[in-house]
Amino acid sequence: MAPRSGPPDGGWGWMIVAGCFLVTICTRAVTRCISIFFVEFQAYFGQDYARTAWIHSIVDCATMLCAPLGSLISNHVSCQVGIMLGGLLASTGLILSSFAASLEHLYLSLGVLTGLGFALCYSPAIAMVGKYFNKRKALAYGIAMSGSGIGTFILAPVVQLLIEQFSWRGALLILGGFVLNLCVCGALMRPIALKEDRKTAPGLLEQEYVPEVQKQDLKRMSICSPLIKAWSHECLCYCSWKEYDFLLMPGFMVLAVSVLFMAYGCSPLFVYLVPYALSVGVSHHQAAFLMSILGVVDIIGNITFGWLTDRRCLKKHRHFCYLFAVGMDGLCCLFLPVLQTFPLLVPFSFTFGYFDGAYVTLIPVVTADVVGTSSLSSALGVVYFLHAIPYLVSPPVAGWLVDTTGSYTASFLLCGFSMIFSSTLLCFARLAKKIKRTRLRSLTNDTHSKHHIWTNGAIAYSVTGELDQKDAELLSVDTSSYSNR
């Protein structure tokens with residue numbers, strides 16, 4: 001298949017968006033709904049908040065920690081194979097979790113195995129959307145990432161109903177069958193060849209790279225020999241460097257640090273929103289309904305922010321839209337401890353859900369703006385990898401604070417300040433970059449200003465604005481000869 005000059009911005013790309021939409025339902029929405037099992041696990045196994053919270057932490061951590069593995073399989077084998085394999089692993093983990101006899105069993109099956117399966121699906125599916133869209137990239141990501149909100153809206157009450165009808169074991173077993181739909185999503189991910197990818201790929205099998213002698217040898221060898229040569233040590237080193245050279249970009253470094261604090265702040269709320277609502281006297285169905293509200297408003301945030309940031313007036317300010325959304329979620333967390341009734345928690349779910357959907361949509365868009373489309377899959381793998389440690393640590397830390405202080409106030413305040421710091425850090429970095437660019441531009445304008453030299457009516461000037469010694473000597477010779485005349 002001949003490589004395309006650019007993304008099609010439509011066509012089969014909309015099927016890729018639909019596949020990514022289903023992937024986010026089966027991965028992120030299912031992960032969020034694990035918080036509904038929190039009270040059931042705590043009551044059944046008789047453990048405290050901190051130990052029970054490790055289940056959700058390990059799922060999120062494994063999903064993000066193994067994200068580069070998903071990108072690696074997608075780049076070197078196939079996106080379709082990676083997502084299908086991930087679907088099988090995730091489904092197996094959920095089914096095995098329904099037979100758990102201890103929290104340690106859930107740590108391995110629901111945490112590690114299911115999280116690994118989600119990792120093989122999540123980042124490759126998101127990267128495929130970026131390969132098929134350019135002009136409408138933010139809108140495509142908004143639709144694709146809205147699966148997380150729609151899935152949460154639908155699954156939260158359904159999971160609560162399944163727990164009441166079939167207990168938590170039956171609910172996990174049914175979720176295991178549901179997650180098998182990831183294999184269908186993988187079949188939709190048709191690969192696309194772009195000229196930009198060919199420029200960055202190691203051309204060991206291309207005609208200009210292979211010497212003439214090796215070309216004759218390749219003709220005599222079997223079909224496997226060129227593949228063996230392609231995976232030589234030199235090619236692997238070159239490929240690895242070209243795939244991850246964006247790690248040294250200052251813009252990506254700042255984004256990475258910002259993501260660490262953002263990930264620490266956002267994770268505990270999805271774990272403790274339902275337990276917090278129950279602790280202030282909200283019923284089980286109302287607590288599950290809060291998660292549904294958060295999910296459906298998440299959809300609105302995904303799509304509207306995706307559409308808005310594709311507009312010409314906001315397209316150049318995607319970074320500031322992203323940090324604004326993160327900062328607003330941080331403010332919501334700061335106000336949560338004073339909201340202790342269901343009518344007050346409903347507006348919180350609306351606000352937090354909207355801005356959560358907004359910044360989740362912009363993560364791949366901002367990453368693509370920083371590193372480019374050709375490195376998007378690897379960069380997303382690293383970005384989601386950076387989520388791993390905060391996702392692993394923050395829910396147990398929040399649970400420890402709840403066990404120690406006897407309230408959720410300290411946990412939510414820590415989450416809010418963490419997200420606000422993430423937004424502020426990125427804001428200052430962008431402002432510093434803008435100031436530096438303005439100074440360089442003014443300095444360049446001064447340097448490139450024309451310096452006129454008048455000599456008896458003749459004009460000599462230097463375009464660069466700085467005469468070197470050789471030009472000065474030539475100029476003095478020309479002026480002296482002109483005066484002699």
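The values are calculated or read from the model by the stated rules, or taken from the named source; none is laboratory data. These numbers were taken from a predicted model, which means no experiment stands behind them. Here Cβ is always computed from backbone atoms with ideal geometry, including for glycine, and neighbour counts include all displayed protein chains. Quick note on the areas: whole protein, heavy atoms, side chains included, nothing else; ligands and nucleic acids left out. Shrake-Rupley method; radii C 1.70, N 1.55, O 1.52, S 1.80 Å.
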(request) Return a yes/no flag: does region 23-30 have any residue that is surrounded by fewer than 20 Cβ atoms within 10 Å (Cβ to Cβ), touching a residue at least 12 places away in the same chain (Cβ under 8 Å) and of a type outside the set (Lys, Arg). (result) no
(request) Output the residues belonging to region 253-301 that are polar (S, T, N, Q) and within 24 Å of Asp48 (Cβ to Cβ). (result) Ser267, Ser279, Ser283
(message) What's the number of the only condition in (1) over 25 Å from Leu278 (Cα atoms); (2) at pLDDT 75 or above that Leu474 fails to meet?
(response) (2)
(request) For region 72-82, enumerate the residues that are in contact (Cβ under 8 Å) with a residue 40 or more places away in the chain and either buried (at least 24 other Cβ atoms within 10 Å of the Cβ) or among the β-branched types (Val, Ile, Thr) (or both). (result) Ile73, Ser74, Cys79, Val81, Gly82
(request) Check region 237-257 and report whether any residue there is in contact with a helix residue (DSSP H, G or I) (Cβ under 9 Å, 6 or more places away or on another chain), part of a loop (DSSP other than H, G, I, E, B), open to solvent by less than 80 Å² (accessible area, probe 1.4 Å) and at pLDDT 80 or above. (result) no
(message) Any residue at all in region 162-176 that's buried (at least 16 other Cβ atoms within 10 Å of the Cβ), touching a helix residue (DSSP H, G or I) at 6+ places or on another chain (Cβ under 9 Å), at pLDDT 90 or above and among the small types (Gly, Ala, Ser)?
(response) yes
(request) Select from region 335-364 the residues that are farther than 30 Å from Ala140 by Cβ and of a type in the set (A, V, I, L, M) and list them in ascending order. (result) Leu336, Val338, Leu339, Leu344, Leu345, Val346
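If the requirement is being at pLDDT 85 or above and surrounded by fewer than 21 Cβ atoms within 10 Å (Cβ to Cβ), which of these qualifies: Phe417, Phe320, Phe355?
Only one candidate qualifies: Phe417.
I'd like the full set of residues that are farther than 16 Å from Val397 by Cβ and surrounded by 20 or more Cβ atoms within 10 Å (Cβ to Cβ), limited to region 44-65.
Hits for region 44-65 are Val59, Ala62, Thr63, Met64, Leu65.
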(request) Report yes if some residue within region 269-280 is small (Gly, Ala, Ser) and either modelled with pLDDT under 85 or under 17 Å from Gly330 (Cβ atoms) (or both); otherwise report no. (result) no
(message) Yes or no: region 323-341 includes at least one residue that is of a type in the set (D, E, K, R) and buried (at least 24 other Cβ atoms within 10 Å of the Cβ).
(response) yes
(message) Out of Leu85, Leu69, I need the residue that is open to solvent by 20 Å² or more (accessible area, probe 1.4 Å), touching a residue at least 24 places away in the same chain (Cβ under 8 Å) and more than 17 Å from the chain's Cα centre (by Cα). Which one?
(response) Leu85
